[in-house]
1. Output the residues belonging to region 149-170 that are within 15 Å of Ala204 (Cα to Cα) and of a type outside the set (A, V, I, L, M, F, W, C).
2. In region 60-82, which residues are buried (at least 18 other Cβ atoms within 10 Å of the Cβ), part of a loop (DSSP other than H, G, I, E, B) and β-branched (Val, Ile, Thr)?
3. Hey, can you tell me all the residues within region 92-105 that are of a type in the set (A, V, I, L, M) and modelled with pLDDT of 95 or more?
4. Among Val36, Val41, which is the only one that is closer than 13 Å to Asn207 by Cβ, modelled with pLDDT of 90 or more and surrounded by 14 or more Cβ atoms within 10 Å (Cβ to Cβ)?
5. So how many residues does region 180-211 have that are more than 19 Å from the chain's Cα centre (by Cα) and of a type in the set (Asp, Glu)?
6. Which of the residues belonging to region 74-103 are in contact with a Pro (Cβ under 7 Å, 6 or more places away or on another chain) and under 15 Å from Val166 (Cβ atoms)?
7. So, of the residues in region 98-121 that are among the acidic types (Asp, Glu) and in a loop (DSSP other than H, G, I, E, B), which turns out to be surrounded by the fewest Cβ atoms within 10 Å (Cβ to Cβ)?
8. Scanning for something polar (S, T, N, Q), out of contact with any helix residue (DSSP H, G or I) (no Cβ under 7 Å at 6 or more places or on another chain) and under 15 Å from Glu2 (Cα atoms), does region 97-104 turn up at least one residue?
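The values are calculated or read from the model by the stated rules, or taken from the named source; none is laboratory data. Treat the numbers as computed from the prediction; the structure is a model and nothing was measured. Cβ sites come from the backbone with ideal geometry, for glycine too, and all protein chains shown count toward neighbours.
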Amino acid sequence: MEQQSVFMTDPKKPDYFYNEAMKTLRTNIQFAGRDVRTILVTSCFPNEGKSDVTFQLAREIGKMGKRVLFLDADIRKSTFLSRYQVKKTSGGLSQYLTGQKEIEEICYRTNYENLDIIFAGIMAPNPAELLEDPSFEDLLKRMRHKYEYILIDTPPIGSLIDAAIVAKFCDGAILVCESECVSYRMAQKAREQLEMTGCHVIGAVLNKVDISRERYYGKYYGKYKYYNYYSSEKR
């Protein structure tokens, strides 16, 4: 079966600091080790910019000539189809996990270089149970043979168990924290939850930083290492 294609429109306006930060994050991931290929991205709370960071990072990795798969594992309430103005899809992750679709029917080629995507699919009433199903782990194993990197966008770990379930099958995790909205204690708690699954937290993204203000964020977050993503845009 020939792979389906979708056209996606990126709503984000070009931003120099944003683009440079994504390149830096991409480089840091490369230095995390050659075995760190399946990477989960989560946040403490909703609306911290996690999904946008994940997608833009996937684009940057694709620009390096690496085949990358973006996997939307937020089968509770994903907004990707509307945000990126995708007109029509035949299915997504939830349909695959419930046996309604095959892999070939849910994996799409995008209009971005070397980037394929699996959308979340229709909202499921039992997302945690579906992600724990052996078919999800099998999907990741099969995709590892096809792609050099797999980036998985999950719901916030501060309020839902989904990210912790997915983390068990990943080589590393990235935590996205909105500047001045997430406390040191909450960030540490999220990190500990991820590490309890056996997944290595390779770093974090300090998001929505107001670069017009002079401040040393290391004091606020302590010694835990953060990769910095700068953007003055309020999403």
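1. Of everything in region 149-170, those that are within 15 Å of Ala204 (Cα to Cα) and of a type outside the set (A, V, I, L, M, F, W, C) turn out to be Asp153, Thr154, Pro156, Gly158.
2. Ile75
3. Leu93, Leu97
4. Values: Val36 fails: closer than 13 Å to Asn207 by Cβ.
Only one candidate passes the filter, namely Val41.
5. The total comes to 2.
6. Passing the criteria: Asp74, Ile75, Arg76.
7. Glu102
8. Within region 97-104, not a single residue is polar (S, T, N, Q), out of contact with any helix residue (DSSP H, G or I) (no Cβ under 7 Å at 6 or more places or on another chain) and under 15 Å from Glu2 (Cα atoms).
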